[in-house]
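To start, the structure itself, in structure tokens.
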Amino acid sequence: MNNSVSSTLRLLGAGLRALLVLTLVTGVIYPLVVTGVAQALFHGKANGSEIKADGKVVGSSLIGQSYNLPLKKGQQTPDPDLKWFQGRPANGLGANSVNTQYKLILSGATNLSADSKVLIQQVKDAKAAVIKDNSVPGYMVTASEVPADAVTSSGSGLDPNISPAYAEIQVHRVAEKNGLSVAAVEKQVKDHTEGRTLGFIGEPRVNVLELNIALKDLVAKH
């Protein structure tokens, strides 16, 4: 009997020591090492790919933002603030999703099929709005010039980037609204266009938040 109790106590002691050692290694040492390496080698990414302006964090390069006017009385959906470059539509998960205006509680695609009447109507409405909003005196946008990313949301609904083609058709409108030359705004788009990752992965893209921060600085200097 005594041997049985003694063996049990030894096993319990060994189990407790193993628990303490594993807790120390996996719960304290390992997280500290991983965090230290991430902060030393990938500081920006480890902290959420933050973007700063005027010394303050204004967003992440990985998450899109909306640029809208304040809601008017009786409005359900705000109008876009057309002095800024606009990102992709953010339809999120549908009518019940908080993500329809880039809120971060939910993210995801619409899950509508390509032949969905709802999706087709959304695309038609978005295309008409893009043509109307970006056509200014001396520059008219045609339906064939509207790229796919201007009228469809991404899989996450939070895409921070737009195609150079979508940025280009917004240049004349942004220039007019801010009293800038078209050439100056086009230069900002060119300067903020990123090529394919490693030269062959993905497509060229423009980060909307970074572009609008540069636009704000340009307007301030004008």
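The values are calculated or read from the model by the stated rules, or taken from the named source; none is laboratory data. What you are looking at is a predicted structure, and each value in this text was computed from that prediction instead of being measured. Methodologically, a virtual Cβ is constructed for each residue, glycine included, from the backbone with ideal geometry; neighbour enumeration extends over all protein chains shown.
Summary of values
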| item | result |
| --- | --- |
| Filter result (assigned to a strand (DSSP E or B) and among the polar types (S, T, N, Q)) within region 183-222 | THR193, THR197, ASN207 |
| Matching residues in region 127-172 - criterion: being of a type in the set (Gly, Ala, Ser), in a helix (DSSP H, G or I) and within 20 Å of ALA90 (Cβ to Cβ) | ALA128, ALA129, ALA148, ALA150, ALA165, ALA167 |
| Selection count, region 1-26, where residues are part of a helix (DSSP H, G or I) and surrounded by fewer than 10 Cβ atoms within 10 Å (Cβ to Cβ) | 4 |
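Yes/no per residue for (1) modelled with pLDDT of 85 or more; (2) loosely packed, with under 12 Cβ neighbours inside 10 Å; (3) more than 19 Å from the chain's Cα centre (by Cα); (4) not assigned by TED's automatic domain parsing to the domain that holds ASN161:
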| position | (1), (2), (3), (4) |
| --- | --- |
| GLY59 | no, no, no, no |
| GLY74 | no, yes, yes, no |
| LYS83 | yes, no, yes, no |
| LEU93 | no, no, no, no |
| SER97 | no, no, no, no |
| LEU106 | no, no, no, no |
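Every residue, every condition in (1) touching a Lys or Arg at 6+ places or on another chain (Cβ under 9 Å); (2) within 15 Å of TRP84 (Cα to Cα), yes or no:
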residue	(1), (2)
THR110	no, no
LEU119	no, no
VAL130	no, yes
GLY157	yes, no
ALA175	no, yes
SER181	no, yes
THR193	yes, no
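Conditions (1) in contact (Cβ under 8 Å) with a residue 24 or more places away in the chain; (2) of a type in the set (A, V, I, L, M), marked per residue:
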| position | (1), (2) |
| --- | --- |
| LEU9 | no, yes |
| GLY15 | no, no |
| THR23 | no, no |
| ALA40 | no, yes |
| HIS43 | no, no |
| LYS52 | no, no |
| TYR67 | yes, no |
| PRO80 | yes, no |
